[in-house]
1. Are any of the residues in the stretch 69-79 within 23 Å of F198 (Cβ to Cβ) and under 27 Å from the mean Cα position of the chain (by Cα)?
2. Listed residues E153, E137; which is open to solvent by 20 Å² or more (accessible area, probe 1.4 Å), acidic (D, E) and in a helix (DSSP H, G or I)?
3. Go through the stretch 227-270 and count every residue that is closer than 30 Å to D97 by Cα, among the hydrophobic types (A, V, I, L, M, F, W, C) and in a loop (DSSP other than H, G, I, E, B).
4. As an exercise: evaluate I5 against (1) outside any loop (DSSP other than H, G, I, E, B); (2) closer than 17 Å to A85 by Cβ; (3) under 21 Å from the mean Cα position of the chain (by Cα); (4) not small (G, A, S) and give the number of the one condition it does not meet.
5. Look through I38, I46 and report the one residue that is under 24 Å from the mean Cα position of the chain (by Cα), outside any helix (DSSP H, G or I) and within 15 Å of the ligand (Cβ to nearest atom).
6. Is the stretch 108-129 home to any residue that is open to solvent by 60 Å² or more (accessible area, probe 1.4 Å), assigned by TED's automatic domain parsing to the domain that holds F24 and either closer than 30 Å to A358 by Cα or without any contact (Cβ under 8 Å) to a residue 24 or more places away in the chain (or both)?
7. For the subset of the stretch 321-360 comprising residues that are among the aliphatic types (A, V, I, L, M) and closer than 18 Å to Y262 by Cβ, which member is most open to solvent (accessible area, probe 1.4 Å)?
8. Looking at the stretch 109-130, which of its residues are within 14 Å of the ligand (Cβ to nearest atom), in contact with a Lys or Arg (Cβ under 9 Å, 6 or more places away or on another chain) and among the charged types (D, E, K, R)?
Amino acid sequence: MINNITVIGTGYVGLVTGTCLSDFGLNVLCIDQDESKINKLNNGIIPIYEPGLQELVRKNYAEGRLHFSTDIISGIQNSEVIFIAVGTPPKDDGSADLDNVVKVAQTIARHMNGPKVVVNKSTVPIGTARLVKKIIEANKTAPYRVDVVSNPEFLREGAAVYDFMHPDRVVVGAQNPEVKEIMKQVYRVLFLNQKTPFLFTSPETAEAIKYVSNAFLATKITFINELSELFEKAGCNIVDVARGMGMDGRIGSKFLNPGPGYGGSCFPKDTRALAKTSREYGVELTLVEATIAANEKQKRRMVDKIEAALGNLQDKTLAILGLAFKPETDDMRDSPALTIIPELIQRGALIKAYDPKAMEEAKWRLEGIPGLELVNSPYEAASEAHALVILTEWNQFRSLDLIRLRENMQEPIFIDLRNIYEPIFMKQQGFCYYSVGRS
Ligand SMILES: NC(=O)c1ccc[n+]([C@@H]2O[C@H](COP(=O)([O-])OP(=O)(O)OC[C@H]3O[C@@H](n4cnc5c(N)ncnc54)[C@H](O)[C@@H]3O)[C@@H](O)[C@H]2O)c1
C-alpha cells in the first residue's frame, strides 16, 4: 500500500495537493526550493490565501502527516510516488516554460534509490510525460524503473481545497495497469467514494484534457464578454441574456458572467500555450487565437468605458476596488488590474486601489508606478475620488455603505465591471452607474 508521497513545488497547487492528500491519511512531504516559503510553513504561516487551507495545514502538520522541506533529495528517496507541481510560466512566445519540470526530472534521475512513479500535476504541453521519462532514463545512475503519469489539476483558486476534495473528475494518464493501481491507492479516499469520476487514459490525452478544458472555459467567458458591447448599445440586459442561455442544459449557466476579461495564473497562459503547441503541429486554432485577442480587446474596452464615463482621465482620481484576478484569492498573476491600472494612469488618471487579500502582492507587482497609491479600505480609496471602479467581485464590495461612499467622492460615478449592483437601485442611491452589457 502506498503511504509516503512527495510533492515537489509547494505553491497553490502543490500545497493544496500535499495538504489534502495528508488529510486523506497519507504521509506527505512537500518540497520547495523557496526557503522562505518552507520556513513560513514550518512555523504555521501559510504563504498564500486560500479559504480553509490554513486550518487543514495546521491540523495535518500537528498530527505528523504533513512535512515541509527544501531537501529535494530526501523527498525523492523517501517516497515511491513523487508529484511534480512546479510552475510552468509562459515564455515570450506563449509556450510553456518547462525549465522547472526539466530540472526536477534531472534531479529525480540523479537521486532515485528505487523504482519511482513520477506524477506530473503541473500544466504541461502534450508530450511532456514522454519528455520527463526520457530525461530520467537518460540521467539515472542505477537501473531502477521509472513510470511517468500525467495527472492534471483542475482546482479553482479561491475554492481549491473544496475542489481537490470534491473534484468533478480525476484524470490519470498512465501507461500500464500496475501504475494505474498505484494511482488508485494514492487517491483511494476519492476512488472508493463512487461519486468521483475517474478517467484513465494515455498521458498525452490527459495533458490535452487540461489545456482544452481551460481553452473552452476561456472561450465561453470571452463569448459573453464580447457580446457585452453589443448589448450595451442595443439596450439588452446581459444578465438576463446569460440566464436565458444558461437555462439551456446544453449550454449551462456557469462562466457566463461578463466582466473585464479573464485573468489568473491559468487561462491566459494555457490558451496561449495551446495555440503555440498547435501551431508547432501546423494546425491553426482559429477559435482559441480569437479568444486570446478578444480578451485583450475586452480589457482595453474597459479602460475606454471608464474614460468615457468621466469625459477624460487627466488628473482624475479613481478608486479601484479589487486587484486579485478573482475573489477569495491573493493571486494577481495576469489579473485584468495589471493591464487596466497602468493604462488608466497612462491616460492621466491617479489611482487609489484596495483589495482585501492581494495588497502584499500588489506592493511588488505595481511598485513604482507613479500615480498609484495602495490604501487600506474601500472608503479610503473612494475619498475625494471622481469615480469608483469595481474590478473584482469580492463579497465585501457587494454591501458597501453607498451613502458614505457617495458623500466622500468628488463625483458620484460608479463603474461596476462585475455587475454586482442593480442599475435602478444605484440610480436611486444617487450614482451615475455603469456596468458591463447593460445599457
Ligand atoms: N494555480 C492554479 O489555479 C492552477 C490550477 C491547475 C493547474 N495549475 C498548474 O500547476 C502548476 C503550478 O502552479 P501554481 O499556481 O501552484 O504555481 P506556484 O508558482 O504557486 O507554485 C510553484 C512552486 O514551485 C516551486 N518550484 C519551482 N521550481 C522548483 C524546483 N525546481 N524545485 C522545487 N520547487 C520548485 C516554486 O518555488 C513555487 O513555490 C502550473 O503548471 C500551473 O499551470 C495551476
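The values are calculated or read from the model by the stated rules, or taken from the named source; none is laboratory data. Since the structure is predicted, the reported quantities are computational estimates derived from the model, not experimental observations. Cβ: placed from backbone, ideal geometry, glycine included. Neighbour counts: every protein chain shown. The protein model used for the area step is the full one, side chains on, heavy atoms only, and it has no ligands, DNA or RNA in it. Shrake-Rupley method; radii C 1.70, N 1.55, O 1.52, S 1.80 Å.
1. First pass over the stretch 69-79, keeping only residues within 23 Å of F198 (Cβ to Cβ): 79.
Then keep just the ones that are under 27 Å from the mean Cα position of the chain (by Cα); that gives none.
There is no residue in the stretch 69-79 that is within 23 Å of F198 (Cβ to Cβ) and under 27 Å from the mean Cα position of the chain (by Cα).
2. Numbers: E153 fails: in a helix (DSSP H, G or I).
Residue meeting the stated conditions: E137.
3. Of all residues in the stretch 227-270, those closer than 30 Å to D97 by Cα come to 255, 259-270.
With the extra rule that they be among the hydrophobic types (A, V, I, L, M, F, W, C), the set shrinks to 255, 266-267.
Still in the list and also in a loop (DSSP other than H, G, I, E, B): 255, 266.
Counting residues in the stretch 227-270 that are closer than 30 Å to D97 by Cα, among the hydrophobic types (A, V, I, L, M, F, W, C) and in a loop (DSSP other than H, G, I, E, B) gives 2.
4. Failing condition for I5: (3).
5. On the way: I38 fails: outside any helix (DSSP H, G or I).
Only one candidate qualifies: I46.
6. So far as the stretch 108-129 goes, no, none of its residues is open to solvent by 60 Å² or more (accessible area, probe 1.4 Å), assigned by TED's automatic domain parsing to the domain that holds F24 and either closer than 30 Å to A358 by Cα or without any contact (Cβ under 8 Å) to a residue 24 or more places away in the chain (or both).
7. Initially, the stretch 321-360 is screened for residues among the aliphatic types (A, V, I, L, M), giving 321, 323-324, 332, 337-338, 340-341, 344-345, 349-351, 353, 358-359.
Still in the running and closer than 18 Å to Y262 by Cβ: 323-324, 332, 337-338, 340-341, 358.
Working: L323: 0, A324: 2, M332: 0, A337: 2, L338: 49, I340: 0, I341: 0, A358: 0 Å².
The residue in question is L338.
8. Within the stretch 109-130, R110 is the sole residue that qualifies.
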